Each structure stands twice: as structure tokens, then as C-alpha cells.
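**Q** What follows is a structure written as C-alpha cells; I'll ask about it next.
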């Protein structure tokens with residue numbers, strides 16, 4: 001028996017529990033039917049180990065996450081929240097988000113975590129984000145890269161038990 005809800009009949013004709021998942025067509029709400037800007041999927045990964053670098057060349061932090069976009073018109077919003085980063089020599093640490101080998105970070109420096117002048121062994125939590133247009137429906141990996149701002153100085157991430165998380169959101173185009 002089919003029940004039609006109209007302005008005249010109203011919702012009062014529907015009894016609690018009378019509409020279940022079997023009443024909906026399979027795949028009734030698809031990504032193609034969602035408006036531009038809708039979040040289609042979210043994936044994330046977390047790194048808890050302490051990393052150390054003395055390099056002034058960008059290198060993988062050891063944190064990455066893959067996403068397989070549903071549509072070539074989708075955008076991928078990458079958000080990274082960083083555990084406590086520190087530098088022992090008052091210079092700073094630079095972080096960046098990469099898609100494969102492509103640096104998506106703004107400008108040439110990415111996110112710079114700086115430290116108080118004259119201080120040593122202090123830390124700071126950090127975050128950065130990028131909105132990317134990968135134009136693919138193939139699995140795509142985003143990674144966090146980092147370096148010390150001055151070669152030879154020591155930078156650490158996840159100092160004092162911090163965590164760094166990368167979250168990827170596919171946004172309908």
C-alpha cells in the first residue's frame with residue numbers, strides 16, 4: 001500500500017516505524033545528485049611517533065593518506081593538524097602538503113612554525129590546509145613533508161607525545 005504525503009494530508013498519516021530502509025530505492029541518493037560543495041567522503045590518518053630532521057630539503061614526514069575521488073570535477077580539501085613541533089636553535093620548521101611529488105603549499109615555504117627569539121627547546125602546535133583539484137578518479141595520495149629552516153639545526157615533530165593528523169575531504173565540484 002502506497003501512502004502519499006501532501007500538504008492537505010500532512011505527515012500525520014505516517015506512523016512511527018512505517019518507513020524503513022527497504023522503502024528506499026538502492027542508491028537513491030548518489031554523489032551525482034548532491035549539490036556542488038557537498039562533502040562526498042572523508043578519510044584520515046594519524047602519526048604519533050616523534051620525527052627528527054636536520055635537513056633544509058623538504059622530505060616526507062612519514063604521514064600520508066590516499067583518497068579515490070568519485071568524480072574528476074571533485075576537489076580535495078587536505079587539512080593537517082600538527083603535534084608539538086620544536087626546534088633547538090631558534091630558527092623554525094617548515095611543513096608542506098604534497099600530492100604525489102607536487103608541492104601544494106602556498107608559495108615556496110609552506111607552513112612555517114617559528115620560535116621565540118633566543119629560546120631553545122620550545123614547541124608549538126600547527127595546522128595547514130590546501131584545496132586541490134586532482135582531476136582524477138584514481139587513488140591519489142597526499143603526504144606531509146617538512147624541513148628545518150636552517151640546515152644543520154634540529155627540528156622535531158610530535159615532541160612531548162603530540163600527534164599529527166592528515167584529513168582529506170572530497171568536495172563535489
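The values are calculated or read from the model by the stated rules, or taken from the named source; none is laboratory data. Please read these numbers as outputs of a predicted model, since none were measured by experiment. Here Cβ is always computed from backbone atoms with ideal geometry, including for glycine, and neighbour counts include all displayed protein chains.
**Q** Being at pLDDT below 85 and more than 25 Å from the chain's Cα centre (by Cα) is the filter here, so list the residues in region 30-69 that pass it.
**A** Listed by number, the list is empty, since nothing qualifies.
**Q** Determine, yes or no, whether residue 25 is under 30 Å from residue 68 (Cβ atoms), modelled with pLDDT of 60 or more and loosely packed, with under 10 Cβ neighbours inside 10 Å.
**A** Taking the combined requirement at face value, the residue satisfies it.
**Q** Before we move on, is residue 87 modelled with pLDDT under 70 and touching a strand residue (DSSP E or B) at 6+ places or on another chain (Cβ under 6 Å)?
**A** It is true that residue 87 is modelled with pLDDT under 70 and touching a strand residue (DSSP E or B) at 6+ places or on another chain (Cβ under 6 Å).
**Q** Scanning for something farther than 17 Å from residue 162 by Cβ, at pLDDT 90 or above and exposed (fewer than 13 other Cβ atoms within 10 Å of the Cβ), does region 106-126 turn up at least one residue?
**A** No, every residue in region 106-126 fails to be farther than 17 Å from residue 162 by Cβ, at pLDDT 90 or above and exposed (fewer than 13 other Cβ atoms within 10 Å of the Cβ).
**Q** Quick check, is residue 166 farther than 30 Å from residue 40 by Cα, under 19 Å from the mean Cα position of the chain (by Cα), at pLDDT 75 or above and in a strand (DSSP E or B)?
**A** In short, no.
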